[in-house]
Amino acid sequence: MTQDELKQQVAQAALEYIKGVSIIGVGTGSTVYHFIEGLKAFKNDIEGAVSSSETSTTHLQRIGIPVLDLNSVGTLEVYVDGADEINPHKQLIKGGGAALTREKIIAGASKKFICIADESKSVDVLGKFPLPVEVIPMARSFVARELVKLGGQPIWRENCITDNGCQILDVHNLSILNPSELERTINNIPGVVTVGIFSLRPADVVLVSKGQDIISF
Ligand code: 5RP
């Protein structure tokens, strides 16, 4: 199976979790792309979706699913999203698609966070994937210097402006042995909007596509 077929397979498996749910939280990325395609079959059962990015919003609207404002829907039953890395504790690195802030908001506002990925995303220790950090533009260099003090090598993702009008630093060479501690530490740097460690609010269910199988934990 190709990587894209693995993504499609796991996205299909996630559809089991949205049966009977009227408003769904929807993430961003190439795995979620397949999940949104799968939502076409549930179009008449779904009241709407809360979207984590302009890209997913456009896709949802194109297939006829209303996109709702999180402020008007309260707590969500289910949120489905991908990840860049997943450890055995369901802690994640996210933000490869620059949507980490809205993704973290929706994860926090949801009762059940279903993370979907192909097997290449499974790791023992987070940090091989460069850690995305969304920053207020004027704080970029200051935050970068603070991240160097923490042992990382931040690289500015040039030509990337997030949906919130901010910028992204990708932090290389971090071995994240204590994800919750590092999430808090980076969150506390002035100018940081969001760090792409999802540990304080990890996934509740992880579905990983491996060969013909879906591994769930
Ligand atoms: C976007 C994300 C994505 O979930 C993550 O990058 C995984 O993307 P893909 O499914 O394309 O591999 O965090 O900000």
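The values are calculated or read from the model by the stated rules, or taken from the named source; none is laboratory data. Predicted model only: the values in this text are computed from it and were never measured. Quick reminder, even Gly has a Cβ in these numbers, built from the backbone with ideal geometry, and neighbours come from all protein chains shown.
Can you pull out every residue in the stretch 86-126 that is within 21 Å of Asp163 (Cα to Cα) and among the acidic types (Asp, Glu)?
Scanning the stretch 86-126 gives a single hit, Glu103.
Within the group Asp69, Asp4, which residue is modelled with pLDDT of 95 or more, within 14 Å of the ligand (Cβ to nearest atom) and over 22 Å from Phe198 (Cα atoms)?
Values: Asp69 fails: within 14 Å of the ligand (Cβ to nearest atom).
Only one candidate qualifies: Asp4.
Under 9 Å between Cβ atoms, at least 6 apart or on separate chains: pull out the pairs that start in the stretch 83-106 with a residue that is hydroxyl-bearing (Ser, Thr, Tyr) and end on any residue that is outside any helix (DSSP H, G or I) and more than 6 Å from the ligand (Cβ to nearest atom).
Thr101/Ser52; Thr101/Glu134; Thr101/Thr162; Thr101/Asp163; Thr101/Asn164; Thr101/Cys166; Thr101/Val193; Thr101/Thr194
Within the stretch 118-139, can one find any residue that is surrounded by fewer than 20 Cβ atoms within 10 Å (Cβ to Cβ), closer than 18 Å to Ile24 by Cα and over 14 Å from the mean Cα position of the chain (by Cα)?
no
Of the residues that sit in the stretch 19-52 and are over 16 Å from Ser110 (Cβ atoms) and within 15 Å of the ligand (Cβ to nearest atom), which one is surrounded by the most Cβ atoms within 10 Å (Cβ to Cβ)?
My answer is Thr31.
If you go through the stretch 111-156, how many residues are touching a residue at least 60 places away in the same chain (Cβ under 8 Å), within 16 Å of the ligand (Cβ to nearest atom) and either closer than 22 Å to Asn178 by Cβ or among the charged types (D, E, K, R) (or both)?
So the count comes out to 11.
Looking at Gln61 and the list (1) more than 9 Å from the ligand (Cβ to nearest atom); (2) closer than 19 Å to Pro179 by Cα, which single condition is not satisfied?
So Gln61 meets the others, but not (2).
Taking Asn159, is it among the polar types (S, T, N, Q) and free of Cβ contacts under 8 Å to residues at least 60 places away in the same chain?
yes
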